[in-house]
Each structure stands twice: as C-alpha cells, then as structure tokens.
Amino acid sequence: MPDCIFCKIVAGEIPCSKVYEDADMLAFHDIAPQAPTHVIVIPKKEIPSLDQLTEEDEALVGHLVLVVSKLARDLGLKGGYRMVVNCGPDAGQSVDHLHFHLLAGRQLKWPPG
C-alpha cells in the first residue's frame with residue numbers, strides 16, 4: 001500500500017524510536033502512547049490485518065509473539081503487560097498493517113474498550 005505509514009517506517013522514510021529490529025520484525029515506541037510503556041511491534045512483511053494471515057505466516061506470527069515476550073523482559077515489565085491486536089475498523093484498527101501493541105506501566109482495566 002503506497003500510503004502505509006508502517007511500510008514507510010520499515011523503509012526508513014519515517015523515523016521512529018526503535019526498541020527492537022531483526023530481519024522480520026520492527027518494534028518502536030508509539031507516538032501517541034496509551035500507557036507509560038506503549039510499543040508497536042510489526043512484521044516487516046506487509047500484511048493488512050489478522051484476517052489476511054495465511055498458513056505461510058504461521059512462523060512469522062509466532063516469532064512476533066516471542067518478540068513481544070522478549071521486549072517485556074528487556075523493558076523490565078515485571079508488573080504485567082497487555083498485548084493487543086485490533087482487527088478491522090470496529091475494533092479500532094487505524095493502520096492497515098498487522099501490528100501488536102505492547103502496553104504496560106499502569107493498571108490496565110478490564111474489559112477494554
């Protein structure tokens with residue numbers, strides 16, 4: 001998608017406050033944090049949402065979840081954290097590129113939304 005902001009971040013066209021990167025993933029601080037710790041974790045492969053995942057993406061998504069767990073340890077999130085994936089506009093997905101939110105640093109309420 002030509003206007004995908006996350007694709008532009010992956011390409012280095014838009015700067016980010018990077019906290020993790022490998023060949024398949026990028027993680028960076030959200031510019032409008034919803035908690036004291038709010039990190040966005042994205043695959044470098046452009047996948048619009050959970051609905052567009054295929055069996056080919058299984059290892060990639062597994063790796064993404066492991067990266068979230070690693071980041072939580074590396075960031076010292078000892079009190080707990082939440083990993084959120086929004087799928088579609090009714091769920092609050094505002095960027096059509098699969099991404100996970102890592103939220104922590106305050107008491108998170110349930111139910112969300």
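The values are calculated or read from the model by the stated rules, or taken from the named source; none is laboratory data. Since the structure is predicted, the reported quantities are computational estimates derived from the model, not experimental observations. Quick reminder, even Gly has a Cβ in these numbers, built from the backbone with ideal geometry, and neighbours come from all protein chains shown.
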Q.
I need the full set of residues from the stretch 12-41 which are among the charged types (D, E, K, R) and touching a Pro at 6+ places or on another chain (Cβ under 9 Å), in order please.
A. Asp24
(Q) I need the full set of residues from the stretch 17-28 which are without any contact (Cβ under 8 Å) to a residue 60 or more places away in the chain, buried (at least 16 other Cβ atoms within 10 Å of the Cβ), touching a Leu at 6+ places or on another chain (Cβ under 9 Å) and of a type outside the set (Ser, Thr, Tyr), in order please. (A) Val19, Met25
Q. For the stretch 68-87, what are the residues that are part of a loop (DSSP other than H, G, I, E, B) and touching a helix residue (DSSP H, G or I) at 6+ places or on another chain (Cβ under 7 Å)?
A. Tyr81, Val85, Cys87
Q. How many of the residues making up the stretch 67-112 are among the aromatic types (Phe, Trp, Tyr) and either modelled with pLDDT of 95 or more or within 17 Å of the chain's Cα centre (by Cα) (or both)?
A. 2
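Yes/no per residue for (1) surrounded by 16 or more Cβ atoms within 10 Å (Cβ to Cβ); (2) over 26 Å from Pro111 (Cα atoms); (3) basic (Lys, Arg):
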site: Asp3; (1), (2), (3): no, yes, no
site: Pro15; (1), (2), (3): no, yes, no
site: Pro43; (1), (2), (3): yes, yes, no
site: Glu55; (1), (2), (3): no, yes, no
site: Asp90; (1), (2), (3): no, no, no
site: His97; (1), (2), (3): yes, no, no
Q: Identify all residues within the stretch 29-41 that are over 12 Å from Phe100 (Cβ atoms) and crowded, with 18+ Cβ neighbours inside 10 Å; write none if there are none.
A: Thr37
Q: Considering each residue of the stretch 41-67, count those that are out of contact with any helix residue (DSSP H, G or I) (no Cβ under 8 Å at 6 or more places or on another chain), outside any loop (DSSP other than H, G, I, E, B) and of a type outside the set (Asp, Glu), and give that number.
A: 11
